[in-house]
1. Tell me which of these residue 227 doesn't satisfy, since it passes every other one: (1) assigned to a strand (DSSP E or B); (2) closer than 24 Å to residue 89 by Cα; (3) among the aromatic types (Phe, Trp, Tyr).
2. If a residue must be surrounded by fewer than 13 Cβ atoms within 10 Å (Cβ to Cβ), of a type outside the set (Gly, Ala, Ser) and not in a loop (DSSP other than H, G, I, E, B), how many such residues does the stretch 68-102 contain?
3. When you scan the stretch 47-106, how many residues do you find that are of a type outside the set (Gly, Ala, Ser), within 25 Å of residue 166 (Cβ to Cβ) and out of contact with any Phe, Trp or Tyr (no Cβ under 9 Å at 6 or more places or on another chain)?
4. Is it fair to say residue 241 is among the basic types (Lys, Arg) and either within 25 Å of residue 73 (Cα to Cα) or at pLDDT below 95 (or both)?
5. It is to be established whether one or more residues within the stretch 159-173 are over 25 Å from residue 79 (Cα atoms) and touching a His at 6+ places or on another chain (Cβ under 7 Å).
6. What residue, of 194, 215, 246, is hydroxyl-bearing (Ser, Thr, Tyr), surrounded by fewer than 17 Cβ atoms within 10 Å (Cβ to Cβ) and touching a Ser or Thr at 6+ places or on another chain (Cβ under 7 Å)?
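The values are calculated or read from the model by the stated rules, or taken from the named source; none is laboratory data. Owing to the predicted nature of the structure, the values given are computational and were not obtained by experimental measurement. Neighbour counts are summed over all protein chains in view; Cβ atoms, including those assigned to glycine, are modelled from backbone coordinates with ideal geometry.
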Amino acid sequence: MVQANLRFLKRLDLYKWEKPFQLFLNLPADAEDKRQTNLTFEDLPVQIRDIRERDSPPSLDDHGFAVRTFQSSVAYEDMTRPGVVESAYSAEMETLLRIEDESITRVFFFDWRLRSTDSDANHERLNLNDVTKFIGPAIAVHVDQSPAGALHRILLQLPDDATELLQGRVRIINLWKPLLYPVEDYPLAVCDGSTIAEDDLAATDNVRQNYQGESLQVHFNEGQNWYYLSEHRPDEVLLLKMFDSSPTVRSKCCPHGAFKMPDLADTVRPRRSVEVRALVFSPY
């Protein structure tokens, strides 16, 4: 177990009458409201348990996350080559998902990200449209898709099949793993989704040039249980559930965010990681 700071959305009265938002675009020079965001965060100390020390392994249905061993055949050098993650690597991750749940009928990967704590990656202007470039870790605790955002994503990506697909179980699952070597700093903190209260989650508009989605920002609650995977290896895939339409599972989603490990030497290697995001369909 470690104690470290996690970044949460503050519980402000502002959000009672103004929806949280963040803009990833340039505003017109004559815009009356020049705010890029109304999000205000606070860094709070949290006890973060080691997944390896659990008596039983976590599961997607009960906790919103799981860890699986999987050795990828895709070389690190190939990850930034156009088309490689979308084809070869995503095919491997689909295999892993189908091993996890044999009832899956369809998997559709709609996004992926390379992340690094290298200074170059952190100081470059964030370009969410170029997925072959490394970007910095996501520090603020969040859930990638709200329920409304998940529905919008399905209608956007699979409009011809959406009506049929929505008759069954729909999940959004991220698959996250380190590259090159084990994580030494900025591991991913994950919350047991069954310990999240409804008012811990704040639907947030994310506005880009050609797309508007909705995610969930997260308020701190003493009842939340947080975990990380110590010395997270490149052959260990962390499965994170963003959304689940099943009415019977204990955990609907997995809030998560990267955090700085306390008391580390300055010589730690930068964290490099890859994550892919999938729409996962199966019968109820």
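1. Residue 227 satisfies all of (1) assigned to a strand (DSSP E or B); (2) closer than 24 Å to residue 89 by Cα; (3) among the aromatic types (Phe, Trp, Tyr) except (2).
2. 4
3. Residues in the stretch 47-106 being of a type outside the set (Gly, Ala, Ser), within 25 Å of residue 166 (Cβ to Cβ) and out of contact with any Phe, Trp or Tyr (no Cβ under 9 Å at 6 or more places or on another chain): 8 in total.
4. yes
5. no
6. Working: 215 fails: surrounded by fewer than 17 Cβ atoms within 10 Å (Cβ to Cβ); 246 fails: touching a Ser or Thr at 6+ places or on another chain (Cβ under 7 Å).
Only one candidate passes the filter, namely 194.
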